[in-house]
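The values are calculated or read from the model by the stated rules, or taken from the named source; none is laboratory data. Owing to the predicted nature of the structure, the values given are computational and were not obtained by experimental measurement. Note: ideal-geometry Cβ built from the backbone for every residue, glycine included; neighbour counts use all protein chains shown. Remember, those area values only see protein heavy atoms, side chains included, never the ligands or the DNA or RNA. Shrake-Rupley method; radii C 1.70, N 1.55, O 1.52, S 1.80 Å.
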Amino acid sequence: CEYAVLVSLLEPDNDLYNEGIVDVSIFESVEKFCREGEDLNRITRLALLKYYADHEEVQRDEAIVRDFVRREMKAGAIFPFFKSFTDIVPELIRFSDHYFVEYRGNPGSRVIMHYSIEHDNGRETEYRKEEMDNLYGGIFIKGFILFCGESIQYYITEEDLNREQLTQSSVLSCTEKE
């Protein structure tokens, strides 16, 4: 029964989860279920990982982190917050030079990132467009490797029912300090 309540709280459509109003004891229960051998659903595993990433002061169960992150990597899913686990999951080091754009949209939509790379010499590439990966429930991710002095100017469109809508635009930059 406690597990069923936990799962319902962590569903992506639940306002408590979306607003970040989840009691810390929920995550302690998740850890307990893991240690007892419960097979947790994906959203619960991701919620615990996100909690660990957002709260570095919390004692992380490294075995759980390794297991959950490696499951996602095996499935081809790399979330931006995984970069905070490179000390626990050495395989993540290959993503240390990646920059990620995250967009939250309708899971049934096609999300396109339109972008141009500006190099440190001022030269820009032509605009390209690529579909963003829907990693889970409308969380779309696109990763890039940028070199020092490069930046990406981009905008995102969401296509739904023969309608395309501009939703977000920004610039992603790599500076010397990074």
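Okay, here's what the table says:
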{"read-out": "Considering residues of region 91-135 that are closer than 22 Å to residue 161 by Cα, among the small types (Gly, Ala, Ser) and open to solvent by less than 40 Å² (accessible area, probe 1.4 Å) only, the residue nearest to the chain's Cα centre (by Cα)", "value": "105"}
{"read-out": "Residues of region 56-71 satisfying the condition of being open to solvent by less than 10 Å² (accessible area, probe 1.4 Å) and in contact (Cβ under 8 Å) with a residue 24 or more places away in the chain", "value": "65"}
{"read-out": "Flag if residue 74 is in contact (Cβ under 8 Å) with a residue 12 or more places away in the chain, under 30 Å from residue 59 (Cβ atoms) and basic (Lys, Arg)", "value": "no"}
{"read-out": "Candidate set from region 31-55 (those that are among the small types (Gly, Ala, Ser) and crowded, with 16+ Cβ neighbours inside 10 Å); member that is farthest from residue 138 (Cα to Cα)", "value": "53"}
{"read-out": "Unmet criterion (only one of (1) under 30 Å from residue 59 (Cβ atoms); (2) surrounded by 15 or more Cβ atoms within 10 Å (Cβ to Cβ); (3) not aliphatic (A, V, I, L, M)) for residue 144", "value": "(1)"}
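Yes/no per residue for (1) modelled with pLDDT of 95 or more; (2) small (Gly, Ala, Ser):
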site	(1), (2)
99	no, no
109	no, yes
114	yes, no
120	no, no
163	no, no
169	no, yes
173	no, yes
